[in-house]
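*Asks:* This structure is in structure tokens; I'll ask about it shortly.
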Amino acid sequence: MIKIVCVGKIKEKYYEEAINEYIKRINKYINIQIIEIKDYNTDVEKITLLKEKEQLLKHINKNDYLVCLDINGDMLDSVELSNKINNMLIFNSNITFIIGGSCGLDKDIINMCNYRLSFSKLTFPHQLFRVILLEQIYRSFKIINNETYHK
């Protein structure tokens, strides 16, 4: 199973439609679940990160392989990501991707993660990034299964 735990809710219908389409496509290969937690967005970054950390921890299982999306993480191309996901699934029945809020992720959450992944040095809106992550997960399963997919 793949789980995506993320801070914030999807507000725009077009993002929701894209997310639902990729979930439908991914479910042909593996069960996928998205868990949204409240975005606290307080004036004090430390308080925001602490509150979000408390909520994130409720959805993290100690047996999951944890991947945090972190601008300072490893950057992979699509084939490397598909190999990484395939290898993760060989040794772990559950992979949990963690997407932080506008303040990022608390250091404790980052330190708990088995792997830190970056898609770019660019900053993306969190709603859009969820679509990007799902598309790359779908692409990974197409690659793993030697199926064609547009480049």
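*Asks:* Going through the stretch 38-88 one residue at a time, which ones are within 19 Å of M1 (Cβ to Cβ), surrounded by fewer than 19 Cβ atoms within 10 Å (Cβ to Cβ) and aliphatic (A, V, I, L, M)?
*Replies:* Within the stretch 38-88, L57, I60, M88 meet the criteria.
*Asks:* Here's another thing I want to ask about it. Look at the stretch 1-28 and say how many of its residues are surrounded by 17 or more Cβ atoms within 10 Å (Cβ to Cβ) and over 12 Å from L134 (Cβ atoms).
*Replies:* Counting residues in the stretch 1-28 that are surrounded by 17 or more Cβ atoms within 10 Å (Cβ to Cβ) and over 12 Å from L134 (Cβ atoms) gives 4.
*Asks:* Can I ask one more? For the stretch 24-40, name all the residues that are more than 13 Å from Q55 (Cβ to Cβ) and modelled with pLDDT under 95.
*Replies:* Pass one, the stretch 24-40, residues more than 13 Å from Q55 (Cβ to Cβ): 24-34.
If the condition is that a residue be more than 13 Å from Q55 (Cβ to Cβ) and modelled with pLDDT under 95, then no residue fits.
*Asks:* Count, please, the residues in the stretch 119-143 that happen to be among the aliphatic types (A, V, I, L, M), free of Cβ contacts under 8 Å to residues at least 60 places away in the same chain and surrounded by fewer than 15 Cβ atoms within 10 Å (Cβ to Cβ).
*Replies:* First, the residues of the stretch 119-143 that are among the aliphatic types (A, V, I, L, M): 122, 128, 131-134, 137, 143.
Filter once more, so that each one left must be free of Cβ contacts under 8 Å to residues at least 60 places away in the same chain: 122, 132.
Then drop every residue that is not surrounded by fewer than 15 Cβ atoms within 10 Å (Cβ to Cβ), which leaves 122.
Result for the stretch 119-143: 1.
The values are calculated or read from the model by the stated rules, or taken from the named source; none is laboratory data. Because the structure is a prediction, the values reported are computed rather than measured. With ideal geometry, Cβ positions are generated from the backbone for all residues, glycine too; neighbour counts draw on all protein chains shown.
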